Every structure is written in structure tokens, then in C-alpha cells.
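Inspection log for the structure reproduced underneath, given as C-alpha cells.
The values are calculated or read from the model by the stated rules, or taken from the named source; none is laboratory data. Fair warning: this is a prediction, and the values are worked out from it, not measured in the lab. Quick reminder, even Gly has a Cβ in these numbers, built from the backbone with ideal geometry, and neighbours come from all protein chains shown. With ligands, DNA and RNA removed, areas are computed over all heavy atoms of the protein, side chains included. Shrake-Rupley method; radii C 1.70, N 1.55, O 1.52, S 1.80 Å.
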Amino acid sequence: MNAPEPTAKAKSALTLYGDALPSRMLIGTAQYPSPQVLAKAVEASGAGIVTVSLRREQARGRTGERFLELIGALGVRVLPNTAGCHTVKEAVTTAQMAREVFGTDWIKLEVIANDDTLQPEVFGLVEAAGILNADGFKVLPYTTEDLSVAERLLGSGCKVLMPWGAPIGTGRGLANPYALKSMRAYYPGIPLIVDAGIGAPSHAAQAMELGFDGVLLNTAVAKAGDPVRMAEAFARAIDAGRLAYESGLMGVRDMAEPSTPVAGTPFFDLDR
Amino acid sequence: MTAGTREVVTIMVNGEPVMTSAGTLAELVAERGLADAKVATARNGTFVAERDRAGTMLFFDDHIEIVSPRHGG
């Protein structure tokens, strides 16, 4: 058996920082062909959390207000990110600005090491997480599957971890499923969300089958030919993967084993 | 100190050099037509809360960020 027996707890809604959410899908709001498609895709996804960001506002600009109106109409929780931050100070300041503007102490903490891989700069991530947790934030760190980093993040006060599936925007799926599986096994009681690198619903289903609590994705929906229908496809895949995990997947065998009973097989002959 | 009584200084606003007579961060935000907008600010990399903008003086070569909500992943 790869999964524990289904329990009432396992079947309950995803709970992060004490907040019960309607879905195990978290969805980004960037790169959609239009605001209308964004709104319909979020609705189709059923997601209870959408990620948002902060960017420079030009003089006499109203871009931010228009975006807030759009997001406000969706009736979902917003999770601001610190995307693009490369240092602890940038990330902490961005989080503080986000808390004021969005009115939430939740923050998707990103400290980026490298512009080509967009991999987490884990040393800065741990330091920034400590500062923000001490300042009352509810930190959801974008991290790797490294368990020593995970230990430090949890030690700093994080109650949720968000390991990458693959680098942001690559759509490559789970690059290191073994490590993700180890992480799940090591932290059975910590909410774990695969964040980034998801390209297809099958990737999301795989993460859920491994026992992850949720999946956060953006590009795979926003850049789909039909983002609204793709959002629904992901929602179904995530539900299917979770249901499979709770149901207990069969073990993998090296050799074939007939599913049809051998006893009573016609023409059976011991000498064959 | 109010705009008009202060000499014009050059500061960096959102990565661009800006000549301004604004003496405080609150005046700068108002000068840019954002006094009632949903924006957040930082001075030289440090967050400045909305309530603290009026008491935050501006000096030559300060680096100011004025940001607002956007799409994100």
C-alpha cells in the first residue's frame, strides 16, 4: 500500500493556516488572454485561492485599482507573491507592501536564485521566512524538495510548504517524484502543495496521488488553447488524484500477475 | 515643509530619475496623482506604511518604489 487508510480527516477540505478552503487547487492570475477569460477560468477551476503580485504603478495610473476590482469580484482569497525578489530585503519589503495593499497577512514567499531556472534561493528564503513569521505573516514558501531546507522553514514558523514540481513556467511536471514522495512521507501532518512546473492535468494528478495536499499552477491554464476548459480539466485531475490517494493505490509489481482466476482455466495443462 | 517652499531635488521613482519639489513621500504620491489610489510604498528598500508617508522626508538620490496590485503566479 502506498497510502494510508482513508480517514475522515483526509476527506475534509484543504485547511491552510486554519482556513478551510473549497478546493485543493490554487491558481495564478497572470498571462491570460483577457480579464474575462481570467475570471471564467478561476471560476471553472473552483479554486479558493488566487495568487497576485505587486508591480510599479505609473503616475496617475489606475491599473492596480482595475485589477483589484476584477479580483474582488471573484470572491476568493488572494495570496500575494514576492515574485522577482532576489534578496531577503526585497522579499520582506514586498511582503509588507502586499499586506497593506491587499489587506492579508498571507504571503507566497519567493526568493529567486537564478533568472534562468527561477529556483528558490533557499538560504535567503529561510532568513526571509523567519523575519516574516516573526512579523505576524502567514508564510507559504516556494521551496525545493530539500528536507534540510524544509526543516529550517518549519522551524522558522511556516505551517505550509510549497515545493516546486519543476522550474516555474517549464510545464515539465514532477522532475523529482522520488524526493517529493520522501517529503510527503517525512511530513505526514504538514500541508504540502506542489507549486510550479505543472504542465498537464496528469502532472497535477500525479502530485495528488503522491499525497500532496494541493497544487498551485498558472501557466498551464493561462496559456492553454482554451484556458476555461483547461481549468476544469485540472480541477477534475486534482479531485481524481486526491480520491485515488485516499482510496489507496495498489503496489507496483515487477512481474505480471493474472487478474482473471487461474483455477478452472479451460485447456489448462500442467505440462504446458 | 510643503511643495513650493522647497528646492527641486532629483530622486529615483520606480527606477526612473524624477525632479520633484515634494518634501515628503506623501507629497510625492499626491504629485503623481496617486493620493487616493491603492498603492504601497518603499524608501531605499524599506517599507513605508501609508500612515508614515507624511512624516517621511525625501532627500537627493532617494530610491522610491510606488507599487499596486497586479496579476501574479
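Scanning for something open to solvent by less than 10 Å² (accessible area, probe 1.4 Å) and closer than 16 Å to residue A:150 by Cβ, does the range A:208-221 turn up at least one residue? Working first, answer last.
Looking only at the range A:208-221, we keep the residues that are open to solvent by less than 10 Å² (accessible area, probe 1.4 Å), and these are A:208, A:211-212, A:214-217, A:221.
Then drop every residue that is not closer than 16 Å to residue A:150 by Cβ, which leaves A:211-212.
Looking through the range A:208-221, at least one residue is open to solvent by less than 10 Å² (accessible area, probe 1.4 Å) and closer than 16 Å to residue A:150 by Cβ.
Would you confirm, using the coordinates I've provided, whether residue A:197 is open to solvent by less than 30 Å² (accessible area, probe 1.4 Å) and more than 18 Å from the chain's Cα centre (by Cα)? Break it down into steps so the answer makes sense when it comes.
Values: open to solvent by less than 30 Å² (accessible area, probe 1.4 Å): yes; more than 18 Å from the chain's Cα centre (by Cα): no.
When the stated conditions are applied, residue A:197 does not pass them.
Mind telling me which of the residues A:42, A:76, A:126, A:52 ends up being buried (at least 21 other Cβ atoms within 10 Å of the Cβ) and under 17 Å from residue A:143 (Cβ atoms)? Give the derivation first.
On the way: A:42 fails: under 17 Å from residue A:143 (Cβ atoms); A:76 fails: under 17 Å from residue A:143 (Cβ atoms); A:52 fails: under 17 Å from residue A:143 (Cβ atoms).
Going through A:42, A:76, A:126, A:52 in turn, just one is buried (at least 21 other Cβ atoms within 10 Å of the Cβ) and under 17 Å from residue A:143 (Cβ atoms): A:126.
How many of the residues making up the range A:157-179 are within 30 Å of residue A:136 (Cβ to Cβ) and under 15 Å from the mean Cα position of the chain (by Cα)?
The initial filter retains those residues of the range A:157-179 that are within 30 Å of residue A:136 (Cβ to Cβ), namely A:157-165, A:168.
Add one more test, that the residue is under 15 Å from the mean Cα position of the chain (by Cα), and what stays is A:159-165, A:168.
Residues meeting the conditions: 8.
Residue pairs, Cβ under 6 Å, 6 or more apart or interchain, first in the range A:188-212 and within 21 Å of residue A:223 (Cα to Cα), second assigned to a helix (DSSP H, G or I) and open to solvent by 10 Å² or more (accessible area, probe 1.4 Å). List them.
Once the first residue is within 21 Å of residue A:223 (Cα to Cα) and sits in the range A:188-212, its partners that are assigned to a helix (DSSP H, G or I) and open to solvent by 10 Å² or more (accessible area, probe 1.4 Å) give A:198/A:220; A:199/A:220; A:201/A:233; A:201/A:237; A:204/A:237; A:205/A:237; A:205/A:240.
So which residues in the range B:17-73 are among the polar types (S, T, N, Q) and surrounded by fewer than 18 Cβ atoms within 10 Å (Cβ to Cβ)?
In the first step, residues of the range B:17-73 are kept if they are among the polar types (S, T, N, Q); the result is B:20-21, B:24, B:41, B:44, B:46, B:56, B:68.
Of everything in the range B:17-73, those that are among the polar types (S, T, N, Q) and surrounded by fewer than 18 Cβ atoms within 10 Å (Cβ to Cβ) turn out to be B:21, B:44, B:46.
Which number in (1) under 22 Å from the mean Cα position of the chain (by Cα); (2) assigned to a loop (DSSP other than H, G, I, E, B) marks the one condition that residue A:246 misses?
It is condition (2) that residue A:246 fails.
Assigned to a helix (DSSP H, G or I) and either closer than 22 Å to residue A:53 by Cβ or more than 7 Å from chain A (Cβ to nearest Cβ) (or both): which single residue out of B:53, B:6 fits that description? Walk me through how you get there before you give the answer.
Values: B:6 fails: assigned to a helix (DSSP H, G or I).
After ruling out the rest, the residue left standing is B:53.
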